[in-house]
Amino acid sequence: MAFRIALLPGDGIGPEVVREARRALERVSQIFKRDFSLSEHLIGGAALSAGHAALPASTLEAAKASDAVLLGAVGDPAFDHLPPASRPESALLALRKALGVFANLRPAKAWAGLEDSGPLKKSVLAGTDMIVVRELLGGLYYGEPREWDRTSDRAINTLRYSRPEIERVARVAFELARERRKTVVSVDKANVLETSQLWRAVVNDVAKQYAGVQLTHEYVDACAMKLACAPASFDVLLTENLFGDILSDEAGAICGSLGMLPSASLGEGAGLFEPVHGSAPTIAGKNIANPCGAILSAAMMLRLGLKLDAEATALEQAVEKTLASGLRTADLGGSTSTSAFADAVLTMLART
Ligand code: IPM
Ligand code: MG
């Protein structure tokens, strides 16, 4: 049986890193004798430039009809002047909604050999192995009303959450914690926001069903500080959409480079897998971007989306071995190109 995988390269460095992830998937399919049916579709600025909507109907159909979706990045400064609803980013938000992917998993860890690549001291970073579970379909990103009224120069966004929305993502966090170090830190701003007070109450209720998991709550400002000072103290970090957007970038940076971070967005149907880094327009087209985020997202897709555990592990180990061999892209202080790094990953894969 063929696994149908929709590839959405998107903007900026998206096409470069998805190209390498595609090669890695093709190599996995040869080695493990798996049938992957890979198709590519336009999204974001790339779709707008080609005269389509940011999320063309054909792309949406292909994504829905596939077993998993791998996305590069969306975002292009050429469209900065457009209102949010027409910008490249709107395509990603609409796609998340259409796929029903409410839980965004962003693992961040201290990679062996990269301890000195990021801004944190090795001693602070040592042992860090955490995962951000970000609510992905609610909060300020989707709340109505939303508007910038240009005549009055007033703007509004709406922060709204309901019990079921919080419950379902909290359950994902607790389930993960059970398989890990059994602690959840739930992040909110309950000293100021009603939505956060609801968040806290619901998370406390869900926690009652997970007796073996220890739950603590942190305010988002204190959490941002603690992430930088004591990242190793985190196991599962559960939070709402906007806080999760911000804190997951921070978690990535402290672990060496944002370029290393993969993500999985899970829900009812096909999962959506994408590197956490954005389109990085300033380095696009130069073959210098770090392909690890995309390749590791492909590994998450194999494990969580297609249930191909051995294949996922092999791909992750190939990335680890490539790093251990000393190759580094520019974001990690090296000079290995995107494609040369991926070539090495492919070579390592062949040896599994
Ligand atoms: C992310 C990105 C997106 C988000 C943008 C591109 C819409 O920053 O996946 O973290 O804010 O969710
Ligand atoms: Mg982000």
Of the residues that make up segment 302-309, is at least one crowded, with 24+ Cβ neighbours inside 10 Å, away from ligand 2 (no atom under 16 Å from the Cβ) and under 20 Å from Pro119 (Cα atoms)? no
Can you tell me which residue is farthest from ligand 1 (Cβ to nearest atom) among those in segment 58-104 that are touching a residue at least 12 places away in the same chain (Cβ under 8 Å), farther than 28 Å from Phe3 by Cα and not in a helix (DSSP H, G or I)? Pro83
Specify which of the listed residues (Leu227, Leu215) is over 19 Å from Tyr142 (Cα atoms), within 16 Å of ligand 2 (Cβ to nearest atom) and either modelled with pLDDT of 95 or more or among the aliphatic types (A, V, I, L, M) (or both). Leu227
Can you tell me which residue is farthest from Arg303 (Cα to Cα) among those in segment 226-266 that are part of a strand (DSSP E or B) and away from ligand 1 (no atom under 15 Å from the Cβ)? Leu238
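Listed here are the residues, each with its yes/no results for (1) buried (at least 23 other Cβ atoms within 10 Å of the Cβ); (2) closer than 25 Å to Ala342 by Cβ.
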{"site": "Lys33", "(1), (2)": "no, yes"}
{"site": "Ile43", "(1), (2)": "yes, yes"}
{"site": "Ala65", "(1), (2)": "no, no"}
{"site": "Ala85", "(1), (2)": "no, no"}
{"site": "Leu92", "(1), (2)": "yes, yes"}
Could you figure out which of (1) of a type outside the set (D, E, K, R); (2) touching a residue at least 40 places away in the same chain (Cβ under 8 Å); (3) in contact with a Leu (Cβ under 6 Å, 6 or more places away or on another chain) isn't true of Ala6? (3)
Please go through segment 271-293 and give me each residue that is away from ligand 1 (no atom under 13 Å from the Cβ), surrounded by fewer than 24 Cβ atoms within 10 Å (Cβ to Cβ) and either of a type in the set (A, V, I, L, M, F, W, C) or on the phi > 0 side of the Ramachandran plot (or both), ordered by number. Ile283, Ala284, Gly285, Asn287, Ile288
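Each row is one residue, and each column tells you yes or no for (1) part of a helix (DSSP H, G or I); (2) at pLDDT below 95; (3) more than 15 Å from Leu25 (Cβ to Cβ).
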| position | (1), (2), (3) |
| --- | --- |
| Gly269 | no, yes, yes |
| Lys286 | no, no, yes |
| Ala289 | no, no, yes |
| Ser297 | yes, no, no |
| Met300 | yes, no, no |
| Ser335 | no, no, yes |
Listing of strands (runs of 3 or more DSSP E) fully contained in segment 115-191 that carry 1 or more residues being within 30 Å of Gly334 (Cα to Cα): 129-135
Given (1) touching a Pro at 6+ places or on another chain (Cβ under 9 Å); (2) away from ligand 2 (no atom under 16 Å from the Cβ); (3) aliphatic (A, V, I, L, M), index of the condition Leu238 fails: (1)
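The values are calculated or read from the model by the stated rules, or taken from the named source; none is laboratory data. Here the structure is a predicted model, which means the values were calculated and not measured. All Cβ positions, glycine included, derive from the backbone under ideal geometry; neighbour counts span all protein chains shown.
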